[in-house]
Amino acid sequence: MSDADFRPLPLDRFPEPARSFIAECASAINCDPAFVALPLLSTLAAAVGNTRRIRLKRGGHDDADWNEPCAVWTAVVAESGSHKSPAMEKSVKMANDADAELGREYEESMREFERKKLGFESELEAWKKKRRSKSTDPDEAPPESPKEPPKLALVVKDATIEAISSRLQDNPRGLLVAPDELGGLIASFDRYAKSGGGGELQKWLELHGGRDLKIDRKTGTPSTIRIRRALVSLTGGIQPGILRRLMGRSHRDSGFAARILMAMPPQSPRVWTDESVSEGAWSAMKRAYSRLRSLDFAEKSPEPQYRALDFGKGAFEEWRDFYNRNGAAIDESAGDRRAAYSKIEAAAARLALLFALLRWAGGSDPRDPDSVDAESMRDACALADWFRAEADRVYAIFEGDGEDGGTLDGAKVRVLAFLRRNGPSTERDIRTKAGGFQRCGGLLERTLHELWEEHLADPSHGITKSHRRQSGHGGRPTFEYAIPSSPCSCANCENRRSGVFDAPRARAMADACGYREDCGELIEAWRKSTTDARIEQAARTLGVSSRALRALGFAWCPDRSGAYAFPMLDEAGRVCGIRLRAAIDEGARKWAVERSRSGVFLSTDTDGRPADRVFVCEGPTDAAALLGVRDPEAPEHAPVVIGRASCDAQAELVERLARSMASADAELVIVADRDGPGVMGARALAEHLADRFGRVRTVTPPEGFKDARAWLRACGEAEAWRWLSGASADPKSAPDEDECPF
């Protein structure tokens, strides 16, 4: 996926002082905040280590509980020269500084140990002489040998299992593994496998879970190392090409890759900046890190015991909602993505534990928390949602990497999604930009041929194929492929073109399209079981009014736990399909009930009078946002809003509905999303309607806001109405067509 698909890190979800520290470091380095945030999460988690766990479910005894340790594995995927190393250095600096101090203390302790050892050896020799001369009491005990001090550490660079296990013997709290490049760590697995050490990868999985570790050594003393609850946090950077080459099938099938929270943020322009990290941000972050390190075990004898934190008030409800919506994403996925989504489940709990402890560490309360609060759980789950979206982007690197070069069904989904985003494209464009086809040209050729045959069998399906106009003469003919001008509008085909389903779902879509006729009954049944509290919660999550959601026929979908449901209506006002949306705010996964028709989102909260202004937008949540904006001169009249299923859908239906709802001289206002497809789709609709309506106007949210809902949440109702009605021209609004950057 491209940088355009990247969703910014939800920095506002990080507790202080981490939030300010990340922001200032990113500004000073001139990099995306994710470059700083990911290694910082691992660094802070390692500071807590084995001292605390979060208890998610109680069992019959402690060992039967479902609890998660405070260990976080992260990786920043970016090209060389994108500031991975400077960002990581700042995030890990406090751990490196503390580790260096421990090293100096260890050296001093060893010097003291050597002095005591010399004294002990002299005393022991004297005791032996007395024993031989029988000049001493036979019951006199020999002098006690001094104990060698433990080699305390926080950070290790040598990432071999034997080196880590040796350090863990003296560090029951755990360690931070922070190699300069993760590629070296991954490559070491293959080296050890070739030399008979194939268990290296399995041992790493135990280090992530905080499980008991046993190492049998061919040489060295002792021959067997046993470590109780061996735990490490891991962080590093890696280039996309190296990740694809080294993170092979064995690493992904074993779950090693899925345990790493990966992000692939866009590279910032390399320009000089005078920004620097303030002393206040450094001091606050170092103080919080020190307080996390001060957390001690619940018990130290006979072995260190962690302290388990339970759910605080309201935290369980946040966890349950996340668990359900993440479960829905798991059910809709397969292969590598399914594995990654499954591990994000536990990652959310670990992040919640870390956030709760970090809130305490950044404050002044001397008593550390005994539970995970609702705010920490909510913020951690939102961050986990972001990591799930990033997993989609990162795992696109591996597409087409299977033994057969990737499945044909999965390839069809990728091609259709690419063409929908980019418009008519040549085979070369698709091969080099769609992802997953660089090494499987045969797969791409088969995919294009089959999709073209689908189009020949049914003009509304598959893709079109046409000669591309050449600038010169001769040479091999070039073909362009595109989505049909009148594609099938059923939800199955729309989902397939948007690429939201994995290969198993794509195979199911290969069946002939058939519309379901019970969408109205289905949404009505869901609506009856939707409580007022659920509607209010959805309104808060989406930043719209509950009245607007009710007007659009909103319902909670019990069959897809964690999903919002919106009915799509045909020209007669009948429910012809149902749009589903994951129950989160930003970057939510969207899909449709299978065999739905594509329709529009309309409000039932109208007075039936012809409207002087009709708003057309994209999607049900933008429609809900627009329904909340009223004309100050006639606040009793609800606005008339038509929500399209996508940026390029239902032009004819919109035209007919607008005619039936608008007055003779009404103005049609098309509210576009601020992205390439949104702007182009709005312009295409405006051109279609220009000859049919006297006044057609297109508005786009100001820079920094991706859609109408985001903009309307940020501004007041009066300012929103001035913007929508054309009474004010925002200088930051979308540029003219000739200047449009999309």
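None of the figures in this text is laboratory data; all of them are computed from the coordinates on show. Small disclaimer: the values here were computed from a predicted structure and weren't measured. Here the Cβ is made from the backbone with ideal geometry for all residues, glycine too, and neighbour counts use every protein chain on show.
Peptide packing for 383-395, 523-535 was compared via the average number of neighbouring C-beta atoms within 10 Å per residue; ordered from the highest value, the list is 383-395, 523-535. When both segment 612-658 and segment 360-377 are represented by their alpha-carbon centers, they are found 45 Å apart. For E79 and S294, what does the FRET efficiency come to when R0 = 35 Å and r is the distance between their Cβ atoms, rounded to the nearest 0.05? So, using R0 = 35 Å, E works out to roughly 0.35.
If I model a spin label as a point 7 Å beyond the Cα along the Cα-Cβ vector, how far apart are those points for S122 and Q202 in nm? If labels sit at S122 and Q202, their model points lie 5.3 nm apart.
Full extension of the chain segment joining S250 with E717 gains 162.6 nm, where the gain is 0.36 nm per residue of separation less the Cα-Cα distance. Could you tell me the distance between the Cα centroids of segment 685-699 and segment 222-296, to the nearest Å? What the calculation gives is 51 Å, centre to centre.
The distance between label points at K93 and E445 comes to 5.5 nm (points 7 Å beyond Cα on the Cα→Cβ vector). With a Förster radius of 22 Å applied to the C-beta separation of S545 and R609, the computed FRET efficiency comes to 0.55. Checking the table K214/K343; K90/K286; K590/K706 against a 21 Å threshold on Cα-Cα, which pairs fail? Exceeds cut-off: K214/K343. Between R692 and E453, the simple label model (points 7 Å from Cα in the Cβ direction) yields a spacing of 3.8 nm. Once the Cα-Cα distance is subtracted from the 0.36 nm per residue extended length, the E594 to D665 segment shows a gain of 21.6 nm.
Descending by average beta-carbon neighbour count within 10 Å, the peptides 137-147, 306-316, 345-355, 177-187 line up as 345-355, 177-187, 306-316, 137-147, the highest first. Here M110, M661 are placed in order of increasing Cβ neighbour count within 10 Å, fewest first, which gives M110, M661. Once the C-beta distance of E148 and E16 is scaled by a Förster radius of 35 Å, the resulting FRET efficiency is 0.25 to the nearest 0.05.
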